[in-house]
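Working notes, structure below.
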Amino acid sequence: MIAGFRPDVVGLSVRNLDNAAYPATRCYLPEHIELMRAVREMSRAPVFLGGSAFSISPEGLTRLLSADGGATGDGEDGMVRLCRGEGGRILHGALADLGSVGVPREIAEIFPGFRGYRTIGVQTTRGCPFRCLYCTYPLLEGRVVRTRPPEAVADELAFFRRVHGKQDFFFVDSAFNADQAHMARVCEEIVARRLPIRFSCYLEPKMSDGSLFGLLARAGCVAADFGTDTGSPAMLRSLGKGFSIDEIRAASLACRKAGIDACHSLILGGPGENFETLRETVRLMDELRPRAVVAMTGIRVYPGTGMESIAREEGGIPPGDDLLFPRFYLAGGDPGWLMRQAKEIASSRRNWFLPGERMWSFAIGPRLLRYFHRNGPLWRTFRPG
Ligand code: B12
Ligand code: SF4
């Protein structure tokens, strides 16, 4: 026990509010209430909350779950400060020193379920400097990219590989190339150590130098999920994206040349979306022919984002609604036309997938796919369009 610390505290991680998908929306809040009830039955210790869902809606979740408080931001710093009794009920914007964070060596003893994991999430940076209209990531992790030492990332990968035999990884950074120089250093470190690993990652579809995709491939990158959002120049502006259609093209081509599978994630139905902008997006995807196109229909409105301001101005959010429960923005307010169009587009293209079309968490198809395709993202099983 560390002097001055309270050993009688429970820390609860609340990751998701809901599946952020429309129209097949699934809200997880009733399950969180159940979990909290079970914790209260087992322990009289104060319960502090944290995690991405909590950082998005700290006050709402504290109230809903009748928690004793919590910390937004980095848990390594936040939990320690909560245990010291700092910051009152809710501590905002905890920031850890990334030089010293990482997975504990005793991970398998602390969390035995880890042994069954086939793909391991590893983080190389936190924070995003961009300001996309709808996005919570800069609110969760800050607006400055903070980096972990590349040696520490490689040490972690080597530990998982050598001690636990893990081979497949997912770099969970919002965009692995948000700091390209750092991404390159991490890849060089992996190459230098000849770590026999495979990984996938999120990428912004903009790379200053196409040869960086070659470096990614040499380090073991087999799949890249581009946060492209749209193929319409007007919608790129509307969503506040920091890249152009030509940059999407160049990144996609360089990625293909390096032999890395690509998925383009789209967000349809933002402010200004119409038949013509949708057509532009479809044309670009048909031209690029990625392995997969994953299209969300409608935008989950999160508190503190530019999307919230627009949705409120347009009267789409009832006054007093704190957005703890899911609300979606759909251009023109009518979901009908967008859903019809999206279904029609997807039905004639084998590589398109609409997460919001049905309740996938209860479907048998993805489970079967996971059984046969044991590691990495499921979209790699798609046939290119
Ligand atoms: C990578 C990622 C994925 C990957 C995960 C891959 C993998 N193998 O791990 C994939 C693609 C599978 C995925 C899927 C989904 N995701 Co996701 N994902 C992320 C992302 C980008 C990073 C998550 C991560 O691993 N971070 C690194 C870890 C270390 O951070 P962390 O868990 O948040 O923990 C930190 C803090 O939160 C805090 N903390 C955590 N717990 C606690 C507890 C206490 C007490 C304290 C004090 C602090 C604390 O400390 C930690 C260290 O700083 C986040 C966005 C983001 N930038 O956070 C979205 C995010 C978490 N995902 C989200 C969603 C919605 C989903 C899906 C439901 C989407 C869907 N429709 O299927 C699924 C759910 C999957 C699941 N089983 O939970 C939302 C959640 C918000 C919401 N709407 O509820 C987020 C926030 C994105 C967003 N839309 O804003 N996701
Ligand atoms: S969508 Fe991606 S690039 Fe844009 S703010 Fe979010 S994490 Fe950053």
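The values are calculated or read from the model by the stated rules, or taken from the named source; none is laboratory data. Quick caveat, the model's predicted, so the values are computed rather than measured. Note that each Cβ is placed from the backbone with ideal geometry, even for glycine, and that neighbours are counted across all protein chains shown.
At a glance:
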| read-out | value |
| --- | --- |
| Any hit, the range 262-279, residues being of a type in the set (D, E, K, R), within 22 Å of residue 225 (Cα to Cα) and crowded, with 19+ Cβ neighbours inside 10 Å | no |
| Every residue from the range 226-264 that is touching a helix residue (DSSP H, G or I) at 6+ places or on another chain (Cβ under 8 Å) and either of a type in the set (Val, Ile, Thr) or within 16 Å of ligand 1 (Cβ to nearest atom) (or both) | 226, 228, 229, 230, 240, 245, 248, 260, 261, 262, 263, 264 |
| Lone unmet requirement of (1) in contact with a Pro (Cβ under 9 Å, 6 or more places away or on another chain); (2) assigned to a helix (DSSP H, G or I) for residue 80 | (1) |
| Long-range neighbours under 6 Å by Cβ, at least six apart or interchain, first residue modelled with pLDDT of 95 or more within the range 44-69, second in a loop (DSSP other than H, G, I, E, B) and near ligand 1 (Cβ under 6 Å from one of its atoms) | 51/15; 52/15; 53/15; 53/16; 53/17; 56/136 |
| Single residue of 209, 246, 225 found to be at pLDDT 95 or above, assigned to a strand (DSSP E or B), assigned by TED's automatic domain parsing to the domain that holds residue 126 and among the acidic types (Asp, Glu) | 225 |
| Counted residues, the range 309-343 - those being within 21 Å of residue 63 (Cα to Cα) and either in contact (Cβ under 8 Å) with a residue 12 or more places away in the chain or in contact with a Pro (Cβ under 8 Å, 6 or more places away or on another chain) (or both) | 7 |
| The range 43-64 - residue that is touching a Ser or Thr at 6+ places or on another chain (Cβ under 9 Å) and assigned to a strand (DSSP E or B) and, of those, nearest to ligand 1 (Cβ to nearest atom) | 50 |
| All positions within the range 349-365 that are at pLDDT below 85 and either among the aliphatic types (A, V, I, L, M) or more than 19 Å from the chain's Cα centre (by Cα) (or both) | 358, 359, 362, 363, 364, 365 |
| Unmet criterion (only one of (1) surrounded by fewer than 24 Cβ atoms within 10 Å (Cβ to Cβ); (2) away from ligand 2 (no atom under 16 Å from the Cβ); (3) touching a residue at least 12 places away in the same chain (Cβ under 8 Å)) for residue 246 | (3) |
| Tabulated pairs, the range 1-27, first closer than 23 Å to residue 74 by Cβ and at pLDDT below 95, second assigned to a strand (DSSP E or B) and acidic (Asp, Glu), C-beta under 8 angstrom, 6+ apart or interchain | none |
| Yes/no for residue 319 being outside any strand (DSSP E or B), on the phi < 0 side of the Ramachandran plot and touching a helix residue (DSSP H, G or I) at 6+ places or on another chain (Cβ under 9 Å) | yes |
| Candidates 199, 171, filtered to the one that is within 16 Å of ligand 1 (Cβ to nearest atom), among the hydrophobic types (A, V, I, L, M, F, W, C), buried (at least 17 other Cβ atoms within 10 Å of the Cβ) and under 20 Å from residue 99 (Cβ atoms) | 171 |
| Any hit, the range 122-135, residues being in contact with a strand residue (DSSP E or B) (Cβ under 9 Å, 6 or more places away or on another chain) and among the basic types (Lys, Arg) | yes |
| Qualifying residue in the range 139-151 (condition: surrounded by fewer than 18 Cβ atoms within 10 Å (Cβ to Cβ), over 22 Å from the mean Cα position of the chain (by Cα) and more than 30 Å from residue 272 (Cα to Cα)) | yes |
| Filter pass, residue 313 being outside the structural domain of residue 28 (by TED's automatic domain parsing), acidic (Asp, Glu), under 26 Å from residue 241 (Cα atoms) and at pLDDT 85 or above | yes |
| Only one of 114, 160 that is touching a Lys or Arg at 6+ places or on another chain (Cβ under 7 Å), more than 14 Å from ligand 2 (Cβ to nearest atom) and either outside any helix (DSSP H, G or I) or over 25 Å from residue 81 (Cα atoms) (or both) | 160 |
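For (1) in contact with a Ser or Thr (Cβ under 6 Å, 6 or more places away or on another chain); (2) surrounded by 15 or more Cβ atoms within 10 Å (Cβ to Cβ); (3) assigned to a strand (DSSP E or B), each residue gets a yes or a no:
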| position | (1), (2), (3) |
| --- | --- |
| 294 | yes, yes, yes |
| 302 | yes, yes, no |
| 315 | no, no, no |
| 325 | no, no, no |
| 337 | no, yes, no |
| 356 | yes, yes, no |
| 368 | no, no, no |
| 374 | no, no, no |
| 383 | no, no, no |
